[in-house]
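**Student:** Okay, handing you the structure first.
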Amino acid sequence: MLDDIDRRLLRHLQADPAQSVGDLAEASRIPLASAYKRLEKLQTIGILRGQRAVIDWRALGFEVEVSLRITIDKTNPRAFDEFLAAAREVPEVIEIQTFLGRVDARLKVIARDLPAYQQVYRNRILTLPHMADIEALMQVATLKNAMSYPL
């Protein structure tokens, strides 16, 4: 599916997503027109889904990051969908993941400090519908945050 040139483009793009297509073409040793065509092809087939800014929340004053593992009460057939819809509306929830197993969902929550987190937890998180169990894991450090994979 991918050839060596596609992999080379993706490697350089992972290394510096903000670089121009011209710089990407030069680093990949291909003509500019080819780089445009290949990037468009990678987007069309769904391999390249876009670019995003990676924000350092601590640099913006959000000192607390908590991972909440949620088990949903699935006695209501709409419980999962209703929980996810409500969780999406909480501004401090910056990531939602769903799982198969004992834990149904994980929410990543940020707050400026512990009192702010306690307020979010009490007023927004605990009011989410259909929760059967919740476990909070406060992040102490990030030891690895791989934004790329060797191609």
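Rule-based calculations on the coordinates, nothing more; no lab input. The structure presented is a predicted model; accordingly, all values stated were derived computationally and were not measured. Ideal geometry is used to build each Cβ from the backbone, glycine not excepted, and the neighbour counts take in all protein chains shown.
**Student:** Net charge around residue 23, counting only other residues with Cβ within less than 13 Å of its Cβ (Lys, Arg = +1; Asp, Glu = -1)? Before the final figure, lay out the partial values.
**Tutor:** Working: positive: 29; negative: 16, 26.
Once positives and negatives cancel, what remains is -1.
**Student:** Here's a follow-up. Just to confirm a number: summing +1 for Lys and Arg and -1 for Asp and Glu over residues other than residue 7 whose beta-carbon lies under 14 angstrom from that of residue 7, what do you get? Each step should come with its number before you reach the end.
**Tutor:** Working: positive: 8, 11, 29, 38, 41; negative: 3, 4, 6.
Cβ neighbours under 14 Å give a net charge of +2.
**Student:** Percent of alpha carbon pairs in the stretch 68-151 separated by more than 19 Å? Could you put the intermediate results ahead of the total?
**Tutor:** Values: 1434 of 3486 pairs.
So the portion of pairs separated by more than 19 Å is 41 percent.
**Student:** Here is a further query. Rounded, prolate or oblate: which fits the stretch 4-44, taking a ≥ b ≥ c as square roots of the Cα gyration tensor eigenvalues, rounded meaning a/c under 1.5, else prolate when a/b beats b/c?
**Tutor:** Details: a/c = 1.30, a/b = 1.14, b/c = 1.15.
In terms of gyration-tensor shape, rounded.
**Student:** Shifting gears a bit: Please give the calculated 222 nm ellipticity per residue for the chain, where each DSSP H segment of at least 4 residues contributes -39500 (n - 2.57) and the sum is spread over every residue; nearest 500 deg cm²/dmol?
**Tutor:** Values: 5 runs with 50 residues, N = 151.
Taking each H run of at least 4 residues, the total per residue is -9500 deg cm²/dmol.
**Student:** Compute the Rg/Rh shape ratio of the stretch 1-78: radius of gyration over Kirkwood radius, all on alpha-carbon atoms.
**Tutor:** On the way: Rg = 19.4 Å, Rh = 15.7 Å.
Radius of gyration over Kirkwood radius for the stretch 1-78 works out to 1.23.
**Student:** Residue 74: which lysines have alpha carbons under 26 Å from its alpha carbon, excluding same-chain residues fewer than 8 sequence positions away?
**Tutor:** 108
**Student:** Would you order 147, 1 from fewest to most other beta-carbon atoms within 10 Å of each residue's own beta-carbon? Don't skip to the answer; put the middle values down first.
**Tutor:** On the way: 147 9, 1 5.
By the 10 Å Cβ count, ascending, the order reads 1, 147.
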